[in-house]
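Colleague: Dropping the structure in here first, questions after.
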């Protein structure tokens, strides 16, 4: 990271993601494809904030302002990754080979592998080890263009380790130029190593959740509702307790089976329902009519079983949609949100402009940060990308590209990408 200074970027195809009259609600329908483009735009950054932007020739700048000619390239908000499991240790390479041999994800999970494999590694690790591992992954995601990132706990499954993970996430986040948002996911799996799995569930609800809410007031409470994981009834008890503690709720739902959790989450006012590969048409319509955001995680389908959420249908029904990486060591081992955008276009049938909005402004809405990030507007944090293209549709078309030419986080250039400040 370089020292913060006044920076003026000129001659850019500027995607502001600002939409007059839209307010702070997530974008839906045709608004998803409206990127607020200035064909020949400019943006002025000072002390980490956007202070002015516009179309055409910018006003005369202070001699100390660093001027960067974008040469017609795209400048857009840094991406917002609203669903990751980036805090972990160990690997799941044996599981990958087992899946290549025909074993299913739920089969591996039921046999005590999958998530539990990572749980054991995290339980054995020190807090410092977790911080170091997460710090490295945050740097990876920043280089790839992610300015704000959510990171879940969930590889502890007991109060002590869940709190250790949340502390590690907070520590690594405080050191990062990104905005790092912790989420409590004590209900990530059934603890198959526990002598009494039922008692382990009660400890998450009665001990770990209140401790997390005390440590991080207002922290979002998440759960994985699935066969061989948390049941609908146990998720309901968890979420009702979380709401009483002032914690918003989100849920992993309908990844493999439709169990009724999507309907319940909507009734509980969940911020988001994530995965949705097995969501029924009836539940999809209910989601579209609600304030809950559907988060698409296409990297999981790519990695596991080529099953994808019906993103096109959800948009056409009027639903609010976000796209996230789901970065984790098992089902989505990719730190690249740009890759998830490309998959969302191919597999969930989003248009590139829709996918860009879903991975910026709408993703910021999932995290409650749309006042701060997700669009380029005066007063907002100066998180922006300079793409090495004159056409933003490249993000949807290109697969496994080199990443953005330049990344600015909080008004400071990150990494050594173009244009490298002197």
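Colleague: Go ahead and set up a Gaussian network model of the chain, Cα springs under 10 Å, then flag whichever of 100, 44, 387 fluctuates most.
Modeller: Highest fluctuation among the options: 100.
Colleague: Mind pulling the per residue volume of the convex hull built on the Cα atoms of region 182-283? Å³ is fine.
Modeller: 89 Å³
Colleague: Could you tell me whether region 80-366 comes out rounded, prolate or oblate from its Cα gyration tensor? Rule is a ≥ b ≥ c as square roots of the eigenvalues, rounded for a/c under 1.5, then prolate if a/b exceeds b/c, otherwise oblate.
Modeller: Since a/c stays below 1.5, the shape of region 80-366 is classed as rounded.
Colleague: For the chain, what is the relative contact order in percent, using Cα pairs closer than 8 Å and at least 6 residues apart in sequence?
Modeller: Result for the chain is 22 percent.
Colleague: Rank the residues 19, 384 as a footprinting-exposure proxy: fewest other Cβ atoms within 10 Å of their Cβ go first.
Modeller: Fewest-to-most ranking of 19, 384: 19, 384.
Colleague: To the nearest 10 degrees, how steeply does helix 127-143 sit against the main Cα axis of the chain, on a 0 to 90 scale?
Modeller: Relative to the chain, helix 127-143 is tipped by roughly 40 degrees.
Colleague: Moving on to the next point. Normalised by the number of residues in region 141-192, what is the relative contact order in percent for Cα pairs under 8 Å and 6+ residues apart?
Modeller: Computed over region 141-192, the figure is 47 percent.
Colleague: Oh, and also: For the chain, take the longest principal axis of its alpha carbons; what is the angle in degrees between that and the long axis of helix 232-244, to the nearest 10 within 0 to 90?
Modeller: The helix 232-244 is inclined about 60 degrees to the chain.
Colleague: If neighbour count is taken as other Cβ atoms inside 10 Å, put 82, 225, 345 in order from fewest to most.
Modeller: Ranked by crowding around the Cβ, least crowded first: 345, 225, 82.
Colleague: So, one more: Could you tell me how many degrees, from 0 to 90 and to the nearest 10, lie between the Cα long axis of helix 337-347 and the main elongation axis, the longest principal axis, of the Cα atoms of the chain?
Modeller: 80 degrees
Colleague: Would you list 302, 184, 327 from fewest to most Cβ contacts within 10 Å?
Modeller: 302, 327, 184
Colleague: Tell me, what is the percent relative contact order of region 1-159, built from C-alpha pairs under 8 Å that lie six or more residues apart?
Modeller: 26 percent
Colleague: Compute the separation of the alpha-carbon centres of region 246-308 and region 347-406 and state it in Å as a whole number.
Modeller: 22 Å
Colleague: Hey, what does the equivalent ellipsoid look like for region 248-388, semi-axes from the Cα gyration tensor as sqrt of 5 times each eigenvalue, largest first, whole Å?
Modeller: Ellipsoid half-lengths, sorted descending, are 23, 18, 14 Å.
FYI, it's all coordinate maths here, none of it is from the lab. None of these values were measured; they are calculated from a predicted model. Positions of Cβ are backbone-derived with ideal geometry, glycine not excepted, and every protein chain shown enters the neighbour counts.
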